[in-house]
Amino acid sequence: DHDSDTSTPCQNCEAGKIAAEEGRFGSDGCTDCATGQYAAAGSDTCTACPSGRIDHDSDAATACQDCTAGKITTAAGQAGNCIDCSAGEYAAAGTTACIPCVAGTIDNDSSPATECTDCPAGRFTADAGSTGSCTGCSAGTYAAAGTTSCINCVAGKLDHDGDPATECFTCPAGTYED
């Protein structure tokens, strides 16, 4: 009750504040939520920004926002700025962990805001978190897109065109390759 008059209705605390104690009145009856928290008008609890979201303006009256792609928060109730992921990693908006590019993929633009891409056929990466470019396979080998190594053409198959992006060719009947 904002004026101690029982004939007037109670008023809600404004956004970013909650009732400090039941029965208190006036502006001193509301208390501010802490930085990293949010409360809608009339709310009775302050809610911490969940992991993956941030109190971007340190104002408990405004809703928490998702971290943008390539940035994360790892704990609830964080304010300020989201943490940047490193090159060779990716994070979707509103997530809580940076995910390394898996082997066979590459961070071809060094931006953690864009997803990792498969190495094209004929090229590979053996390690997670690779940046830069994929390693090329040599003649006599083959690698499908998104693979982690080059495969030697086995006996009975040959590299008919010298291109590691095309599969090894099976020798025709009555012929062989060793």
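From the alpha carbon centroid of the range 131-178 to that of the range 51-118 is 38 Å. Taking the chain, the Cys residues with no second Cys beta-carbon under 4.7 angstrom are C10, C171.
Only one residue of T73, G104, P9 has its Cα farthest out toward the positive end of the dipole of the chain, where Lys and Arg carry +1 and Asp and Glu -1 on Cβ, and that residue is G104. Using only Cα positions of the range 52-178, each an equal point scatterer, no hydration layer, compute I(q)/I(0) via Debye at q = 0.12 Å⁻¹ and quote the log10 values to two decimals. The computed values of log10 I(q)/I(0) come out as -0.58. Note on A34 and N152: the extension gain reaches 36.3 nm, defined as 0.36 nm multiplied by sequence separation minus the Cα-Cα distance. Extension gain, A165 to E115: 0.36 nm times the residue separation minus the Cα-Cα distance gives 15.7 nm.
Give me the percent of DSSP beta bridges within the chain that run antiparallel, rounded to the nearest 5. So the antiparallel bridges in the chain amount to around 90 percent.
No lab work stands behind these numbers, since they all come straight from the coordinates. Not measured: the values here are computed from a predicted model. Every residue, glycine among them, receives a Cβ derived from its backbone with ideal geometry; neighbour counts consider all protein chains shown.
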